[in-house]
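Structure first, commentary second.
The values are calculated or read from the model by the stated rules, or taken from the named source; none is laboratory data. All of these numbers come straight from a predicted model, not from anything done at the bench. Cβ atoms come from the backbone with ideal geometry, glycine included; neighbour counts cover every protein chain shown.
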Amino acid sequence: MSNGQLFGIVAEELERGNSTKVSVLGRSMRPFFRSGQIIVLRPMIAEELRIGSVVLARIAPDHYAVHRIIEIDSKGVTLMGDGNVVGRERVRQEDIYGYVECSPRHRRWARLWRKLLPVRRYLLAIIALFES
């Protein structure tokens, strides 16, 4: 099943008000979420549309991503995966369907992680050494 098909179904469930579990695939949200880890997506609520939230968004017609909000302005929302050193997605607020409920501890570490963007490449390399 393609990304668009799977997350299209997930987005529909979220729009109906249902939470859903999905398995993380890929490395774009390392070190906070690892491939194979199960996360719970909850229907989007206004309070969670804030910098630092992890959200499910449609980033292209048939492609979705679970990434962190790094900027919000009047024209939309900018997302970036925690495991990325470059590459951002720009989406409209209405293209965000759900969020991952994160603990206060997770949010504190994520704030620090965002500040470490200039050295993130090296930190991710070190993390990869220990994951092998």
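Inside the range 71-95, can you point out the residues that are assigned to a loop (DSSP other than H, G, I, E, B), touching a residue at least 24 places away in the same chain (Cβ under 8 Å) and farther than 21 Å from SER2 by Cα? If you could, list the steps in order and put the result at the bottom.
Narrowing the range 71-95 to residues assigned to a loop (DSSP other than H, G, I, E, B): 74-75, 81-88, 92.
In the following step, the residues that additionally are touching a residue at least 24 places away in the same chain (Cβ under 8 Å) were identified as 81-85.
Those that are assigned to a loop (DSSP other than H, G, I, E, B), touching a residue at least 24 places away in the same chain (Cβ under 8 Å) and farther than 21 Å from SER2 by Cα: ASP82, GLY83, ASN84, VAL85.
When only residues in the range 73-85 that are out of contact with any helix residue (DSSP H, G or I) (no Cβ under 8 Å at 6 or more places or on another chain) and more than 16 Å from GLY26 (Cβ to Cβ) count, which is surrounded by the fewest Cβ atoms within 10 Å (Cβ to Cβ)?
SER74
Hey, ASP62 hits all of (1) among the acidic types (Asp, Glu); (2) surrounded by fewer than 15 Cβ atoms within 10 Å (Cβ to Cβ); (3) more than 22 Å from MET1 (Cβ to Cβ) but one; which does it fall short on?
That leaves (3) as the condition not met.
Could you list, in sequence order, the residues of the range 23-44 that are among the aliphatic types (A, V, I, L, M), outside any loop (DSSP other than H, G, I, E, B) and either under 16 Å from ASP95 (Cα atoms) or in contact (Cβ under 8 Å) with a residue 40 or more places away in the chain (or both)?
ILE39, VAL40, LEU41
Report yes if ARG68 is at negative phi and either part of a helix (DSSP H, G or I) or loosely packed, with under 13 Cβ neighbours inside 10 Å (or both), otherwise no. I'd like the intermediate steps shown before the answer.
Details: at negative phi: yes; either part of a helix (DSSP H, G or I) or loosely packed, with under 13 Cβ neighbours inside 10 Å (or both): no.
Spelling it out, it is not the case that ARG68 is at negative phi and either part of a helix (DSSP H, G or I) or loosely packed, with under 13 Cβ neighbours inside 10 Å (or both).
Each row is one residue, and each column tells you yes or no for (1) at pLDDT below 95; (2) in contact with a Gly (Cβ under 6 Å, 6 or more places away or on another chain); (3) basic (Lys, Arg).
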{"residue": "GLU71", "(1), (2), (3)": "no, no, no"}
{"residue": "ARG90", "(1), (2), (3)": "no, yes, yes"}
{"residue": "GLU101", "(1), (2), (3)": "yes, no, no"}
{"residue": "GLU131", "(1), (2), (3)": "yes, no, no"}
